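Written below as C-alpha coordinates is the structure these notes are about.
The values are calculated or read from the model by the stated rules, or taken from the named source; none is laboratory data. Because the structure is a prediction, the values reported are computed rather than measured. Using ideal geometry, Cβ is built from the backbone for each residue, glycine included, and neighbour counts are taken over all protein chains shown. Calculation scope for accessible area: heavy atoms of the full protein, side chains included, ligands and nucleic acids excluded. Shrake-Rupley method; radii C 1.70, N 1.55, O 1.52, S 1.80 Å.
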Amino acid sequence: GVAMLRRAYLSPGACRSVARAFCSVPGQAPAHDGHADISVANSIASEYVPRIANLSGTRGVIRLAGADVLTFLQGLVTNDVSRLAEAGAPPLYAAILNAQGRVLQDLFLHRQEGEDTVLLVDAHRDGIPELLKSLRRYKLRAAVDIADVSEEYAVWASFGWGAERKKGWPMDPRLSVLGQRAVLAGPPQSSESAPSIYSRQYRHWRIEHGVAEGNEEIPAGEAIPLEYNLDVLQGISFDKGCYVGQELVARAHWSGTVRKRLMPFALKPPEGAVAVGAGVVAEGVKRPAGVVKVINAGSGRGLAVLRLQQALAAAHGKQRLHIQEQPKVQLQPWRPSWWPPHLTADPAAPTAGAAPAEE
(Lines give C-alpha, C1' and ligand atoms only; values in the text may rest on other atoms or scores of the structure.)
Protein backbone atom coordinates (compact mmCIF):
# COMPACT_ATOMS: atom_id res chain seq x y z
CA GLY A 1 0.00 0.00 0.00
CA VAL A 2 1.00 3.62 0.58
CA ALA A 3 3.41 2.68 3.37
CA MET A 4 5.26 0.29 1.07
CA LEU A 5 5.53 2.98 -1.57
CA ARG A 6 6.97 5.47 0.91
CA ARG A 7 9.53 2.96 2.14
CA ALA A 8 10.38 2.17 -1.45
CA TYR A 9 11.03 5.80 -2.17
CA LEU A 10 13.75 5.79 0.50
CA SER A 11 15.34 2.46 -0.44
CA PRO A 12 17.03 1.89 -3.84
CA GLY A 13 16.68 -1.86 -3.46
CA ALA A 14 13.00 -1.61 -2.66
CA CYS A 15 12.59 0.82 -5.53
CA ARG A 16 13.50 -1.97 -7.92
CA SER A 17 10.88 -4.24 -6.34
CA VAL A 18 8.14 -1.62 -6.52
CA ALA A 19 9.03 -0.79 -10.12
CA ARG A 20 8.87 -4.46 -11.06
CA ALA A 21 5.47 -4.72 -9.37
CA PHE A 22 4.02 -1.65 -11.06
CA CYS A 23 5.80 -1.93 -14.41
CA SER A 24 4.98 -5.47 -15.40
CA VAL A 25 1.97 -7.32 -16.69
CA PRO A 26 0.62 -10.40 -14.86
CA GLY A 27 1.88 -13.54 -16.53
CA GLN A 28 4.66 -11.73 -18.39
CA ALA A 29 8.26 -10.87 -17.65
CA PRO A 30 8.91 -7.69 -15.61
CA ALA A 31 9.66 -4.47 -17.44
CA HIS A 32 13.32 -3.74 -18.17
CA ASP A 33 14.03 -7.47 -17.71
CA GLY A 34 13.57 -7.03 -13.95
CA HIS A 35 16.15 -4.25 -13.62
CA ALA A 36 14.06 -1.11 -13.35
CA ASP A 37 15.73 2.26 -13.52
CA ILE A 38 15.91 3.66 -9.97
CA SER A 39 14.81 7.16 -11.02
CA VAL A 40 11.69 5.71 -12.65
CA ALA A 41 11.03 3.60 -9.56
CA ASN A 42 11.38 6.67 -7.33
CA SER A 43 8.93 8.48 -9.58
CA ILE A 44 6.43 5.62 -9.36
CA ALA A 45 6.82 5.25 -5.60
CA SER A 46 6.38 8.96 -4.88
CA GLU A 47 3.76 9.94 -7.43
CA TYR A 48 1.28 7.16 -6.65
CA VAL A 49 1.05 8.32 -3.03
CA PRO A 50 -2.18 10.36 -2.46
CA ARG A 51 -1.65 14.03 -3.26
CA ILE A 52 -3.55 17.30 -3.40
CA ALA A 53 -2.44 19.49 -6.29
CA ASN A 54 -3.08 23.14 -7.06
CA LEU A 55 -3.46 23.19 -10.86
CA SER A 56 -3.69 26.96 -11.24
CA GLY A 57 -0.32 27.14 -12.96
CA THR A 58 -2.03 25.69 -16.05
CA ARG A 59 -5.74 26.21 -15.36
CA GLY A 60 -7.81 29.40 -15.31
CA VAL A 61 -11.45 30.08 -14.44
CA ILE A 62 -14.24 31.92 -16.27
CA ARG A 63 -17.51 32.80 -14.54
CA LEU A 64 -20.77 32.56 -16.52
CA ALA A 65 -23.95 33.92 -14.94
CA GLY A 66 -27.41 34.83 -16.14
CA ALA A 67 -30.81 33.49 -17.10
CA ASP A 68 -29.64 32.24 -20.51
CA VAL A 69 -26.41 30.47 -19.45
CA LEU A 70 -27.58 26.91 -20.07
CA THR A 71 -29.36 27.67 -23.34
CA PHE A 72 -26.31 29.59 -24.54
CA LEU A 73 -23.90 26.75 -23.77
CA GLN A 74 -26.19 24.01 -25.06
CA GLY A 75 -25.62 25.18 -28.62
CA LEU A 76 -21.91 25.64 -28.13
CA VAL A 77 -20.35 22.74 -26.20
CA THR A 78 -20.23 18.99 -26.87
CA ASN A 79 -21.96 17.80 -23.69
CA ASP A 80 -25.56 18.13 -22.49
CA VAL A 81 -25.57 21.11 -20.13
CA SER A 82 -29.22 20.54 -19.20
CA ARG A 83 -27.68 18.18 -16.63
CA LEU A 84 -26.49 21.33 -14.81
CA ALA A 85 -30.00 22.71 -14.35
CA GLU A 86 -30.09 21.84 -10.66
CA ALA A 87 -27.92 23.79 -8.22
CA GLY A 88 -25.03 21.65 -6.98
CA ALA A 89 -25.20 19.23 -9.92
CA PRO A 90 -21.95 17.32 -10.51
CA PRO A 91 -19.57 18.98 -13.00
CA LEU A 92 -19.45 18.15 -16.69
CA TYR A 93 -16.48 17.64 -18.97
CA ALA A 94 -16.98 19.09 -22.46
CA ALA A 95 -15.28 20.83 -25.35
CA ILE A 96 -15.84 23.72 -27.71
CA LEU A 97 -15.21 22.83 -31.36
CA ASN A 98 -14.68 24.80 -34.53
CA ALA A 99 -16.93 24.39 -37.56
CA GLN A 100 -14.67 21.59 -38.86
CA GLY A 101 -15.25 19.55 -35.69
CA ARG A 102 -11.77 20.12 -34.23
CA VAL A 103 -11.26 20.88 -30.54
CA LEU A 104 -10.70 24.54 -29.66
CA GLN A 105 -10.84 24.06 -25.88
CA ASP A 106 -11.60 21.22 -23.52
CA LEU A 107 -13.16 22.42 -20.27
CA PHE A 108 -14.98 21.56 -17.05
CA LEU A 109 -18.32 23.15 -16.18
CA HIS A 110 -19.03 23.51 -12.44
CA ARG A 111 -22.56 24.51 -11.38
CA GLN A 112 -22.54 26.65 -8.24
CA GLU A 113 -24.98 26.40 -5.35
CA GLY A 114 -27.78 28.96 -5.15
CA GLU A 115 -30.94 29.90 -7.01
CA ASP A 116 -29.19 31.92 -9.71
CA THR A 117 -27.55 30.03 -12.57
CA VAL A 118 -23.81 30.47 -12.14
CA LEU A 119 -21.18 28.25 -13.77
CA LEU A 120 -17.44 28.25 -13.22
CA VAL A 121 -15.52 27.12 -16.30
CA ASP A 122 -12.18 25.42 -15.57
CA ALA A 123 -10.06 25.79 -18.74
CA HIS A 124 -6.46 25.90 -19.93
CA ARG A 125 -4.96 29.12 -18.53
CA ASP A 126 -3.11 30.15 -21.68
CA GLY A 127 -6.29 29.60 -23.69
CA ILE A 128 -8.48 31.85 -21.53
CA PRO A 129 -8.16 34.95 -23.80
CA GLU A 130 -9.26 33.01 -26.90
CA LEU A 131 -12.02 31.27 -24.96
CA LEU A 132 -13.35 34.63 -23.78
CA LYS A 133 -13.39 35.86 -27.38
CA SER A 134 -15.29 32.78 -28.53
CA LEU A 135 -17.86 33.03 -25.75
CA ARG A 136 -18.47 36.72 -26.39
CA ARG A 137 -18.69 36.18 -30.14
CA TYR A 138 -21.44 33.57 -29.76
CA LYS A 139 -23.26 35.38 -26.94
CA LEU A 140 -25.15 37.80 -29.21
CA ARG A 141 -28.16 39.00 -27.16
CA ALA A 142 -28.19 36.16 -24.62
CA ALA A 143 -28.55 37.20 -20.97
CA VAL A 144 -25.13 35.95 -19.93
CA ASP A 145 -22.40 37.73 -17.98
CA ILE A 146 -18.89 36.53 -18.86
CA ALA A 147 -15.88 37.29 -16.67
CA ASP A 148 -12.32 36.04 -16.20
CA VAL A 149 -12.04 35.20 -12.49
CA SER A 150 -8.74 33.31 -12.66
CA GLU A 151 -7.29 35.47 -9.88
CA GLU A 152 -10.26 34.82 -7.60
CA TYR A 153 -10.48 31.03 -7.86
CA ALA A 154 -8.06 28.11 -7.88
CA VAL A 155 -8.40 24.68 -9.50
CA TRP A 156 -7.51 21.73 -7.25
CA ALA A 157 -7.20 17.96 -7.69
CA SER A 158 -7.01 15.14 -5.15
CA PHE A 159 -5.53 11.99 -6.70
CA GLY A 160 -3.43 8.87 -6.22
CA TRP A 161 -3.98 5.35 -4.96
CA GLY A 162 -5.89 5.40 -1.68
CA ALA A 163 -6.64 9.14 -1.79
CA GLU A 164 -9.27 10.04 0.81
CA ARG A 165 -12.43 11.76 -0.38
CA LYS A 166 -12.39 15.46 0.44
CA LYS A 167 -15.78 16.64 1.64
CA GLY A 168 -17.56 18.87 -0.84
CA TRP A 169 -15.16 18.13 -3.70
CA PRO A 170 -16.82 16.49 -6.75
CA MET A 171 -15.33 13.55 -8.56
CA ASP A 172 -13.51 14.22 -11.80
CA PRO A 173 -16.28 13.84 -14.42
CA ARG A 174 -13.97 12.03 -16.86
CA LEU A 175 -12.75 9.06 -14.82
CA SER A 176 -12.99 8.00 -11.19
CA VAL A 177 -9.30 7.01 -11.24
CA LEU A 178 -8.43 10.71 -11.73
CA GLY A 179 -9.83 11.41 -8.27
CA GLN A 180 -11.59 14.63 -7.30
CA ARG A 181 -11.47 18.03 -8.98
CA ALA A 182 -12.73 21.29 -7.50
CA VAL A 183 -12.79 25.01 -8.23
CA LEU A 184 -12.42 26.85 -4.91
CA ALA A 185 -12.59 30.52 -4.01
CA GLY A 186 -9.25 32.01 -3.08
CA PRO A 187 -6.10 33.24 -4.80
CA PRO A 188 -4.48 30.74 -7.23
CA GLN A 189 -1.24 30.75 -5.22
CA SER A 190 -1.90 30.20 -1.54
CA SER A 191 0.55 29.68 1.29
CA GLU A 192 -0.74 26.10 1.59
CA SER A 193 0.32 24.97 -1.86
CA ALA A 194 1.80 26.78 -4.83
CA PRO A 195 0.64 25.51 -8.24
CA SER A 196 3.95 23.83 -9.05
CA ILE A 197 4.31 21.58 -6.00
CA TYR A 198 2.22 18.56 -7.01
CA SER A 199 0.94 19.61 -10.45
CA ARG A 200 3.81 17.70 -12.07
CA GLN A 201 2.77 14.51 -10.25
CA TYR A 202 -0.84 15.05 -11.31
CA ARG A 203 0.24 15.36 -14.93
CA HIS A 204 2.26 12.14 -14.59
CA TRP A 205 -0.81 10.42 -13.14
CA ARG A 206 -2.99 11.56 -16.05
CA ILE A 207 -0.49 10.49 -18.67
CA GLU A 208 -0.09 7.04 -17.07
CA HIS A 209 -3.84 6.64 -17.56
CA GLY A 210 -3.83 7.93 -21.12
CA VAL A 211 -5.64 11.24 -20.54
CA ALA A 212 -4.65 14.52 -22.20
CA GLU A 213 -5.75 17.93 -20.92
CA GLY A 214 -5.50 21.53 -22.10
CA ASN A 215 -4.23 23.13 -25.29
CA GLU A 216 -0.62 22.05 -24.69
CA GLU A 217 -1.73 18.43 -25.00
CA ILE A 218 -4.91 18.79 -27.10
CA PRO A 219 -3.79 21.23 -29.82
CA ALA A 220 -6.43 23.85 -30.63
CA GLY A 221 -7.90 23.61 -34.12
CA GLU A 222 -6.15 20.29 -34.85
CA ALA A 223 -7.36 17.64 -32.40
CA ILE A 224 -10.24 15.38 -33.47
CA PRO A 225 -12.44 14.81 -30.38
CA LEU A 226 -12.91 11.05 -30.79
CA GLU A 227 -9.22 10.46 -31.50
CA TYR A 228 -8.49 12.16 -28.17
CA ASN A 229 -11.07 9.91 -26.45
CA LEU A 230 -13.48 12.69 -25.46
CA ASP A 231 -16.37 10.34 -26.19
CA VAL A 232 -15.23 7.70 -23.69
CA LEU A 233 -14.16 10.39 -21.20
CA GLN A 234 -17.82 11.45 -20.83
CA GLY A 235 -17.17 14.67 -22.74
CA ILE A 236 -19.67 14.25 -25.60
CA SER A 237 -23.42 13.72 -25.66
CA PHE A 238 -24.74 12.03 -28.80
CA ASP A 239 -28.37 12.57 -27.76
CA LYS A 240 -28.50 16.37 -27.42
CA GLY A 241 -29.34 18.83 -30.17
CA CYS A 242 -26.99 20.65 -32.51
CA TYR A 243 -23.83 22.47 -31.49
CA VAL A 244 -20.90 23.91 -33.41
CA GLY A 245 -18.93 21.10 -35.09
CA GLN A 246 -21.48 18.43 -34.17
CA GLU A 247 -22.09 17.00 -37.65
CA LEU A 248 -18.58 15.67 -38.19
CA VAL A 249 -18.33 14.27 -34.66
CA ALA A 250 -21.68 12.48 -34.94
CA ARG A 251 -20.80 11.08 -38.36
CA ALA A 252 -17.54 9.58 -37.11
CA HIS A 253 -19.26 8.13 -34.04
CA TRP A 254 -22.23 6.50 -35.76
CA SER A 255 -20.20 5.21 -38.70
CA GLY A 256 -17.59 3.67 -36.41
CA THR A 257 -14.70 5.04 -38.48
CA VAL A 258 -12.39 6.05 -35.61
CA ARG A 259 -9.20 4.23 -36.57
CA LYS A 260 -6.80 6.19 -34.34
CA ARG A 261 -6.86 6.88 -30.61
CA LEU A 262 -4.68 8.64 -28.07
CA MET A 263 -2.76 6.01 -26.09
CA PRO A 264 -0.10 6.08 -23.36
CA PHE A 265 3.34 4.73 -24.18
CA ALA A 266 6.77 3.99 -22.75
CA LEU A 267 9.97 4.63 -24.70
CA LYS A 268 12.61 1.94 -24.94
CA PRO A 269 15.20 2.98 -23.92
CA PRO A 270 13.40 5.41 -21.56
CA GLU A 271 16.14 8.05 -21.92
CA GLY A 272 15.51 8.34 -25.66
CA ALA A 273 15.18 11.99 -26.71
CA VAL A 274 11.89 12.27 -28.59
CA ALA A 275 10.08 15.49 -29.53
CA VAL A 276 6.38 16.18 -29.70
CA GLY A 277 5.32 15.75 -33.32
CA ALA A 278 7.71 12.88 -33.99
CA GLY A 279 6.28 10.27 -36.35
CA VAL A 280 5.73 6.67 -35.28
CA VAL A 281 6.11 3.75 -37.68
CA ALA A 282 5.42 0.03 -37.45
CA GLU A 283 8.08 -2.34 -38.71
CA GLY A 284 7.14 -3.75 -42.09
CA VAL A 285 4.22 -1.32 -42.60
CA LYS A 286 4.53 1.59 -45.05
CA ARG A 287 1.66 3.68 -43.69
CA PRO A 288 2.65 5.80 -40.62
CA ALA A 289 1.36 4.36 -37.35
CA GLY A 290 0.87 7.68 -35.58
CA VAL A 291 2.34 10.81 -34.03
CA VAL A 292 3.75 11.61 -30.57
CA LYS A 293 1.57 14.27 -28.95
CA VAL A 294 2.79 14.51 -25.35
CA ILE A 295 6.14 13.79 -23.70
CA ASN A 296 6.39 13.56 -19.90
CA ALA A 297 9.92 14.88 -19.49
CA GLY A 298 12.32 12.65 -17.57
CA SER A 299 10.02 9.62 -17.33
CA GLY A 300 10.25 8.09 -20.81
CA ARG A 301 6.44 8.13 -20.96
CA GLY A 302 3.98 10.06 -23.07
CA LEU A 303 0.87 10.04 -25.23
CA ALA A 304 0.56 9.39 -28.96
CA VAL A 305 -2.31 9.28 -31.43
CA LEU A 306 -1.85 5.79 -32.92
CA ARG A 307 -3.61 3.58 -35.43
CA LEU A 308 -5.44 1.03 -33.32
CA GLN A 309 -4.52 -1.93 -35.50
CA GLN A 310 -0.77 -1.39 -35.10
CA ALA A 311 -0.93 -0.04 -31.55
CA LEU A 312 -2.91 -2.94 -30.12
CA ALA A 313 -0.70 -5.42 -31.95
CA ALA A 314 2.33 -3.72 -30.38
CA ALA A 315 0.67 -3.79 -26.95
CA HIS A 316 0.29 -7.56 -27.34
CA GLY A 317 3.91 -8.02 -28.40
CA LYS A 318 2.97 -8.87 -31.99
CA GLN A 319 4.30 -5.69 -33.60
CA ARG A 320 7.22 -3.30 -33.05
CA LEU A 321 6.76 0.45 -33.20
CA HIS A 322 9.61 2.94 -33.33
CA ILE A 323 10.20 6.65 -33.83
CA GLN A 324 10.35 7.41 -37.54
CA GLU A 325 13.70 9.20 -37.56
CA GLN A 326 15.13 7.17 -34.65
CA PRO A 327 14.79 3.46 -35.45
CA LYS A 328 16.62 2.46 -32.27
CA VAL A 329 14.02 4.17 -30.05
CA GLN A 330 11.02 1.87 -29.66
CA LEU A 331 7.59 3.05 -28.57
CA GLN A 332 5.58 0.58 -26.48
CA PRO A 333 1.90 1.51 -26.06
CA TRP A 334 -0.61 -0.07 -23.71
CA ARG A 335 -4.38 -0.14 -23.54
CA PRO A 336 -5.78 1.97 -20.65
CA SER A 337 -7.82 -0.13 -18.24
CA TRP A 338 -10.77 2.26 -18.45
CA TRP A 339 -11.23 1.83 -22.21
CA PRO A 340 -14.60 0.21 -23.00
CA PRO A 341 -14.47 -3.26 -24.60
CA HIS A 342 -15.39 -2.09 -28.09
CA LEU A 343 -12.05 -0.28 -28.41
CA THR A 344 -10.14 -3.56 -28.39
CA ALA A 345 -10.91 -7.18 -29.10
CA ASP A 346 -8.29 -8.52 -26.69
CA PRO A 347 -8.94 -8.04 -22.95
CA ALA A 348 -5.41 -9.26 -22.18
CA ALA A 349 -3.84 -6.04 -23.44
CA PRO A 350 -1.55 -4.21 -20.97
CA THR A 351 -3.43 -1.78 -18.74
CA ALA A 352 -2.86 1.74 -17.45
CA GLY A 353 -0.51 2.12 -14.53
CA ALA A 354 1.52 -0.86 -15.69
CA ALA A 355 4.08 -0.41 -18.41
CA PRO A 356 4.33 -3.21 -20.95
CA ALA A 357 6.91 -5.94 -20.56
CA GLU A 358 10.05 -6.33 -22.58
CA GLU A 359 9.86 -9.05 -25.18
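Just a few scattered comments:
- Surface share of carbon and sulfur [accessible, 1.4 angstrom probe, percent] for region 95-141: 46 percent
- Computed extension length for Glu115-Ala147: 9.6 nm, one decimal, from 0.36 nm per residue of separation with the Cα-Cα distance subtracted.
- Amide H contacts of Ala223 (H built 1.01 Å from N, under 5 Å, at least 5 apart or other chain): Val103
- Annotation note: trypsin sites (Lys or Arg not before Pro) in region 175-274 located in DSSP loop regions with a Cβ neighbour count of at most 15 within 10 Å are Arg259.
- Within straight-line reach of Lys139, meaning a Cα separation under 28 Å, sit the following lysines at least 8 residues removed in sequence or on another chain: Lys240.
- Per-atom-type breakdown for region 150-239 gives carbon and sulfur 46% of the accessible area (1.4 Å probe, protein chains only).
- With all protein chains kept in place, the per residue accessible area of region 184-282 amounts to 43 square angstrom at a probe of 1.4 angstrom.
- Using a probe of 1.4 angstrom and keeping all protein chains present, the accessible surface of region 101-149 works out to 50 square angstrom per residue.
- Proximal lysines relative to Lys293, as straight alpha-carbon distance under 16 Å, when same-chain residues fewer than 8 apart are discounted: Lys260
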